[in-house]
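Reviewing the structure listed below.
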Amino acid sequence: MEPTALVALLRELVPSAEIEPVPTVDRHMTIYAASGQLSSLVQVLHDHADLDFRFLAELTATDYWPREPRFELVYVLVSLSQRLRLRLKVRLAGSDAHVATVCGIWPAANWLEREVWDLFGIAFDGHPDPRRLLMPEDWDGYPLRKDYPVQIRKTPEAAEPLQLTAEEFRANVARDRLTREH
Amino acid sequence: MPDVRTETMTVNMGPQHPSTHGVLRLVLELDGETVLSSAPTIGFLHTGIEKTAEQKKWQQVIPLVERMDYLSAQSNSMAFCLSVETLLGLDLPQRVRDIRVLIAELQRINSHLVWLGTHGMEVGAVSVMLYCFRERELLLNINEMLAGFRLFPSYMRVGGLREDLPRGFHDAVRAFLDRMPSKLDEYEDLLTKNEIYIERTRNVGRISKGDAVAYGLVGPIARAAGVDYDVRKYFPYLGYETYDFAVPTRTDGDVYSRYLVRVAEMRESLKICRQALDRIAPMGPFAVSDPRITPPPKDKVYTEMEALIQHFLIYSQGFTVPAGEAYVPVEGPRGEQGFYIVSDGTNRPWRVKSRAPSLLACQALSKMIVGGLIADVIAVIGSIDVVMGDVDR
């Protein structure tokens, strides 16, 4: 399927969709979609028999700071039955970057979206488990953003406060110590 | 009769546990021996390689990406180079393509041998580990011959290879290829019909074909579940369409099928290696002849002014890559892997993202172990062949 045919088909299936094809150098058809229409678009891409993008190969983001719109989300979709590869991209503004989750369509997206949240700070509305994935849970900032400094020092903190005071800890140790009479 | 109170037990497995292949932490909720739920925690090996890569020049990224998935170093660097070469629009010499195919397939056998050895050991067949590491040693020797390094050779370069094949390379590879089939038979003698091994692995950690696709599983795990997706067949690169090989698949999707698929894959890789080795001429180009990218030969650097300048420019400034994005998928030992790279037209990458097959395998782990026995958790973790360096990057 040619990119033009794909765009025509998508415009027919989702009449309101704003789709913008762009030329690429690798073997991926690439289209930009509006962030508000992502859910309806991916549903069609996943379900329609001629498209059948059942396989989400990759979900990531790029930060183009200081340009606006700052972020670009990238979904790499593969259709095994049609032997197609599609790169679906979504532009997001820097302030309050958020987009609908695709976890309901591809369960694989769960951790991938958590990783994007963790490293870029892009929120996924309706995500079942919106926590950090790779960084510690108490980490400040989003490391893969371009305005995040490369070398910073941070004192590690425990994710949960200690549940014992120092005195209680010493008392416990003293209580449990094996005393031996010689 | 007194009231007997029962409750579930929470077991914390890892991050320091020998069977988690690195630092994977699983919080398991158990009812007796049955796993009720599992919550994998990752990130203990996160080193920010993607952020580091943004500070490096293009050629300097290669040693970094080799350390992501540390059991398939050469597949990683090859995938990265292919993406950059696509963006540069380079046309590789045929000899370079053939050498890369050979190295990638040797890397696959290498990775599968480590997998088979550790997996066998975890389910109780300790001798398999010793057998597999014996043959892996030969592959590491070939790496050492190629580049002076055994695990992370950094032999791939954008535009080709670092240097030409060493003297005696063909003989060393051919000796390995002649030795390997009988050794594979030996491993199969130990496991394939072994009653204990079959009991331990059949119908354990099953995943259906539909779930395998939905969870983005690739490579041997997906092929063991009946998904015949292999990048080498579906989206050929480096001329894989001209090689004669089969893609082994099974339909059960359990640990035993994954074992059978990987062993069969090693046999297919040997077939590809033989074909590639026959195509590689002893002498010929080992990189594109593009003065912007490939350094001049050393004897010219010492004798010609222009070559010296070119050498100096390549090693100090590097080369620039046209603005754009590229992602070239390759079939690594764990399935589709590749690097999504973005360039802003300078000599350093703007973004490097590794598609990590192990990450998605790790995500689907809960799907495979919930409902099974705790003893099977070990067998399942082994069977999905996660490399935590690839998961956490």
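Where a number appears in this text, it was derived from the coordinates with a stated rule and is not lab data. Here the structure is a predicted model, which is why all the values come from computation and not from measurement. Cβ placement follows ideal geometry from the backbone for every residue including glycine, while neighbour counts extend to all protein chains displayed.
Side notes on the structure shown:
- Those helices (runs of 4 or more DSSP H) of segment B:297-393 in which 2 or more residues are farther than 19 Å from residue B:114 by Cα occupy B:298-303, B:305-316, B:357-363, B:365-369, B:374-384.
- Selected residue (criterion: farthest from the other protein chains (Cβ to nearest Cβ)) from residues of segment B:36-59 that are in contact with an Asp or Glu (Cβ under 7 Å, 6 or more places away or on another chain) and over 22 Å from residue A:62 (Cβ atoms): B:36
- Taken as a whole, the condition of being within 13 Å of chain A (Cβ to nearest Cβ), β-branched (Val, Ile, Thr), in contact (Cβ under 8 Å) with a residue 24 or more places away in the chain and under 20 Å from residue B:334 (Cβ atoms) does not apply to residue B:62.
- Flag for residue B:220 being free of Cβ contacts under 8 Å to residues at least 24 places away in the same chain and buried (at least 20 other Cβ atoms within 10 Å of the Cβ): no
- Looking across segment B:270-310, the residues that are farther than 30 Å from residue B:180 by Cβ and polar (S, T, N, Q) come down to B:289, B:294, B:303, B:310.
- Only one of the numbered conditions (1) outside any helix (DSSP H, G or I); (2) surrounded by fewer than 16 Cβ atoms within 10 Å (Cβ to Cβ); (3) within 20 Å of the chain's Cα centre (by Cα) is violated by residue B:124, and that is (3).
- Checking each residue in segment B:193-214 for being within 12 Å of residue B:125 (Cα to Cα) and of a type in the set (S, T, N, Q) picks out only B:194.
- Qualifying residue in segment A:64-76 (condition: β-branched (Val, Ile, Thr), part of a loop (DSSP other than H, G, I, E, B), buried (at least 16 other Cβ atoms within 10 Å of the Cβ) and within 12 Å of another protein chain (Cβ to nearest Cβ)): no
- Matching residues, segment B:67-96, being within 16 Å of residue B:162 (Cβ to Cβ) and away from every other protein chain (no Cβ under 14 Å): B:73, B:74, B:76, B:77, B:78, B:92, B:93, B:95, B:96
- Qualifying residue in segment A:28-44 (condition: more than 10 Å from chain B (Cβ to nearest Cβ), outside any loop (DSSP other than H, G, I, E, B), in contact (Cβ under 8 Å) with a residue 40 or more places away in the chain and under 24 Å from residue B:233 (Cβ atoms)): yes
- Qualifying residues in segment A:45-63 (those that are within 10 Å of another protein chain (Cβ to nearest Cβ) and among the small types (Gly, Ala, Ser)) - the one farthest from residue B:323 (Cα to Cα): A:57
- Residues that are small (Gly, Ala, Ser) and either crowded, with 24+ Cβ neighbours inside 10 Å or under 19 Å from residue B:44 (Cα atoms) (or both), drawn from segment B:374-393: B:379, B:382, B:383, B:389
- Residue among B:287, B:326 that alone is small (Gly, Ala, Ser), within 14 Å of chain A (Cβ to nearest Cβ) and touching a helix residue (DSSP H, G or I) at 6+ places or on another chain (Cβ under 8 Å): B:326
- Those residues of segment B:243-296 which are in a loop (DSSP other than H, G, I, E, B), in contact with a Pro (Cβ under 8 Å, 6 or more places away or on another chain) and surrounded by fewer than 18 Cβ atoms within 10 Å (Cβ to Cβ), in sequence order: B:284, B:285
- Once segment A:106-133 is narrowed to residues that are in a loop (DSSP other than H, G, I, E, B) and touching a strand residue (DSSP E or B) at 6+ places or on another chain (Cβ under 8 Å), the residue that is nearest to residue A:5 (Cα to Cα) is A:106.
- Only one entry in A:126, A:104, A:141 is more than 8 Å from chain B (Cβ to nearest Cβ), under 28 Å from residue B:328 (Cα atoms) and surrounded by fewer than 18 Cβ atoms within 10 Å (Cβ to Cβ), namely A:104.
- Subset tally (residues that are more than 11 Å from every other protein chain (Cβ to nearest Cβ) and either free of Cβ contacts under 8 Å to residues at least 60 places away in the same chain or of a type outside the set (Val, Ile, Thr) (or both)) for segment B:366-377: 6
- Residues considered: B:213, B:227, B:204. Of these, the only one that is surrounded by 16 or more Cβ atoms within 10 Å (Cβ to Cβ) and not in a loop (DSSP other than H, G, I, E, B) is B:213.
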